[in-house]
Every structure is written in structure tokens, then in C-alpha cells.
Amino acid sequence: LALVLASLLNSRYVRLQGMWRTIIFLPYIMSGTVAAAFTFQLMLDRNAGYANKFLGFLGMSPVPWLDDTWWARISLGLLVLWAWLGYNMLILLAGLQAIPPELAEAAKVDGAGPARIFWHITVPLLRPVLVFCVTLSIIGTFSLFTEPLLLTNGGPANATTTPVLQIWQNTFSFLRVGYSSAMSWVYFAVIVVIALTQYFLVSRRDRYLEARR
């Protein structure tokens, strides 16, 4: 979704691009995740939330946003999407603006359409930025703490419990310090593997381009 928005805001067909960029990026620079989590909790409350009131206005039954395992994950995903979409969009937009426009123009002369230009020119050249964004998103998802703690407290049935939240619960709620320390080392190893994978993916592409030159 961030790539789609960045592509739209990088095209010449969308007007008021500065305003749209500000609106999409605004949630990231707002007061913080605590206020956002409490706001989503009020909006998604099963009995008094505005989301279910709107569904009731449309004649639909209320949705257990925070009380069902599947819907709780969707609710947490919506919160994370709202908070971090603008950040990823801005990084991808910077990557798109660094691609020389002459490449797309040359492809148009050769008869390539917009979809082919996007998949065969834009996406390959944007690969390092995409890998970087995906890696940050994976690490950020593993590290989620404030959002699941305040929105669902890791529930229901541990459906929204993240590694960092589980480490915190084992340390301060169950006083299993040794177990949580071991979990922290495993979590650290996973993050290192993800970071190294990103490094090798990007460096392999750079070596391939240098060899072709």
C-alpha cells in the first residue's frame, strides 16, 4: 500500500501532492502511539464504539473488534497501518524520485506500457528500498509493545501477543527472569538473521550490477 501511494504521489496526474503527502505522513508525527491506541480502543469498543455504531446505522450487526482472535489481529493491524503507512510511503517516495525519468521515457519509446514500466523498471530499481522497508516493518512488528498492550493487552487468547510483550509479561508479571532473558537472546538472534538477510540481498544486487558494467 505504501508503494502504491508513493507511486501515485510521484506521478504528474495527482494534484496537490504536497497536501496529500502531509495528510498521509501526519499520523506518524502525531503525539504518540499511546494516544492512538486509546483512540482506537474507544472507536472499536464492541458496545459503545463508533465503528459498531456506524455499522448499526447501516443495518449491520456489531463486530467483536477486540474480543475475537481474528478481529483483534485485524484491529491491531489497522492501528499499525495507520501509524506507519506514511513513514514507509515517504521512504519509497524518496526512492522513486531517485530513479532517472529517462529510463521510463526510453521504455515508452520502445512501446512499453505503464504496467510494464512499473514492474520491469521501477520495481527492480527500487529493490534496495523495498527490502529496507520490509526489513524495518518485520523488525517493527516483532518489537510491537505499546500498541498490543494498550489495545488488547495481548489477547484474546494471546492472539496479539508479540515477542517483546511476552518478554515483558514473563519478566514483570510472572517473574520468570531467566526464561525472559533466554527469549530476549532468541529474539536478538532472529533480528540479526533478518538484518543480515537484507544486507546480502542488497549487496548481491549491487555486485551483479557492477559485474554487468
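Being surrounded by fewer than 18 Cβ atoms within 10 Å (Cβ to Cβ) and either touching a Pro at 6+ places or on another chain (Cβ under 6 Å) or under 24 Å from T22 (Cα atoms) (or both) is true for just one of L81, L76. Which residue is that?
On the way: L76 fails: surrounded by fewer than 18 Cβ atoms within 10 Å (Cβ to Cβ).
From the options L81, L76, the qualifying one is L81.
Of all residues in the stretch 33-63, those satisfying the criterion of being in contact (Cβ under 8 Å) with a residue 40 or more places away in the chain and either of a type in the set (G, A, S) or touching a strand residue (DSSP E or B) at 6+ places or on another chain (Cβ under 8 Å) (or both) are A36, A37.
For the stretch 1-63, please list each of the helices (runs of 4 or more DSSP H) lying entirely inside it that holds at least 3 residues being more than 20 Å from the chain's Cα centre (by Cα) and surrounded by 11 or more Cβ atoms within 10 Å (Cβ to Cβ).
Numbers: elements: 2-10, 17-25, 33-43, 50-57.
Per the criteria, 50-57.
Bear in mind that the values in this text are calculations on the coordinates, not laboratory data. The shown structure was predicted, so the numbers you read here are calculated from the model rather than taken from an experiment. When we count neighbours, we look across all protein chains shown, and the Cβ atoms used for this are built from the backbone with ideal geometry, even at glycine.
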